[in-house]
Amino acid sequence: MAAGSCLLLLLLPSLVTASHSPPGCKIRITSKGLDLVKQEGLRFVEQELQNITVSDLHGNEGQFQYNISQVKVTDLQLAFSDLNFQPQQHLVFNINNASISLRFRRQLLYWFFYDIGSINASADGVFIYTVLQLAKDEAGRLKISNMTCNASIARMHAGFSGTLRKVYEFLGTFIVTGMRFLLSQQICPSLEHASLVLLNSLLDTVPVRNYVDEHIGIDYSLLRDPSVSTDTLDLDFKGMFFPRVREDQELENHAVEPVIKETERMVYVAFSEYFFDSAMHSYFQAGVLTIELQGEKVPKDLEVLLRATFFGTIFMLSPSVDAPLRLVLQVSAPPRCTIKPSGTSVSVSAFLNISLVPPDRPPVQLSSMAMETKLSAKVFLQGKALRVQLDLRRFRIYSKQSALESLALFSLQAPLKTLLQLTIMPIINERTKKGVQIPLPEGMDFTREVVTNHAGFLTVGADLHFSKGLREVIEKYRPVPTAAVYSSSRPAEPSLDPSSL
């Protein structure tokens, strides 16, 4: 028993670590960002409430019979609304003292008097209180998992006109009371459908696991449910790249966990060294970190220098001395990223193989030299794409064959560095030009981006901008209703025959 307890104590730290894997990418939405979301969300709520469908209302009171149909919302005034973070419940949206204007068709029969027409009504003191629960679904995607709603209408008025106006005003209490009940019963179902169906279709546009290019992909699945405080909402993403040839490959994260303390901007995105290391590790596993230059692609000045070097005079004394040169630069190990407050750098180890390629004959290898380079990396955000611009900072070559050859290679340091800067670096930067998408919904972009380096991670602070409205994106991805649902929800046409009342 004691031995089992000791074993559990020894395993406990590893179990805790496994349950809280550090994120490669972290996003924080602040109260300022939530204010922007509220403005766009309020327009969406107004549009949803305008589409409320109220069932027909019919009945009788003594000799007074009525049929109310074709109820339509004509105007909304949602002046007092708020959207807040709330720990444990995540998002709270409430509307106070709103008003809803309605217009509906009337069919009234009082004794022998039959009347049809329209009625304008107003619901005042509308109160709506909703709580949205956010969670990670099975696919690792952020979703609205639950919604609670409470709605009420304090007062409702109807304006009657016509020859029987006084009679309507006396008996209209039955109509107004019924309409008030039906309308209040439709508010929450409408908002529930808007949240759990329509807004979740918007969240489906956030990339979770997708391909970056023909070689690698990225996993943006959430590691855990959102963490919510009174001022912020934090999302921890896996942020791991993978080679497409081995999509199930996992790279263990030993990097520093990003810590976001700022709240001045609408949103902050943090990337650890693991985020960039997994990208370079995936490219290495995919076997694409190799560049080959042959024949005319080799700079002429460098070719002349190579043919006149120490190793050239030894190995090129052959009939094939005029054969074209081939330079193959191959990374020998996955590059590593280092992020410091002073900047971001990438360390690369590679081999440079120099060969002659006589026509119709096997290549003749002249030399194989080791290279160690350090690249400075400028990380920036453009739209929703994170991009990296690399520049050569330090460069060293040496021979693993002999110290004498390493000494002879000293004269090649400068020209090979120039080769890398003018020929190789543009090729690499062209590959990184596309960048990788940040996990934001469609229609939402970053503006006024500022990159800040920390020890082991960097953050991008930005404001948000809606390039497309919520309605536009949701309509694009709105689930198509089935015919059965459509027919059951469509209101029946009212009868014009007074005998049907």
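Here are the numbers:
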read-out: Conditions (1) out of contact with any Leu (no Cβ under 8 Å at 6 or more places or on another chain); (2) open to solvent by less than 60 Å² (accessible area, probe 1.4 Å): number failed by V259; value: (2)
read-out: Residue in the stretch 58-79 that is open to solvent by less than 20 Å² (accessible area, probe 1.4 Å), among the aliphatic types (A, V, I, L, M), outside any strand (DSSP E or B) and at pLDDT 75 or above present; value: yes
read-out: Index of the failed condition, G162 passing every other in (1) modelled with pLDDT of 90 or more; (2) within 30 Å of Q65 (Cα to Cα); (3) open to solvent by 40 Å² or more (accessible area, probe 1.4 Å); value: (1)
read-out: Hits in the stretch 257-285 (condition: of a type in the set (G, A, S) and over 25 Å from L422 (Cα atoms)); value: A270, S272, S278, S282
read-out: Per-region count, the stretch 180-211, residues assigned to a loop (DSSP other than H, G, I, E, B) and either more than 14 Å from the chain's Cα centre (by Cα) or under 18 Å from I474 (Cβ atoms) (or both); value: 4
read-out: Strands (runs of 3 or more DSSP E) contained entirely in the stretch 252-340, each with at least 3 residues that are modelled with pLDDT under 90; value: 290-294, 325-331
read-out: Positions within the stretch 212-235 being acidic (D, E) and under 12 Å from the mean Cα position of the chain (by Cα), in sequence order; value: D219
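The values are calculated or read from the model by the stated rules, or taken from the named source; none is laboratory data. These figures come from a predicted structure and were not determined experimentally. Here Cβ is always computed from backbone atoms with ideal geometry, including for glycine, and neighbour counts include all displayed protein chains. Areas reflect the complete protein model, heavy atoms only, side chains present, ligands, DNA and RNA absent. Shrake-Rupley method; radii C 1.70, N 1.55, O 1.52, S 1.80 Å.
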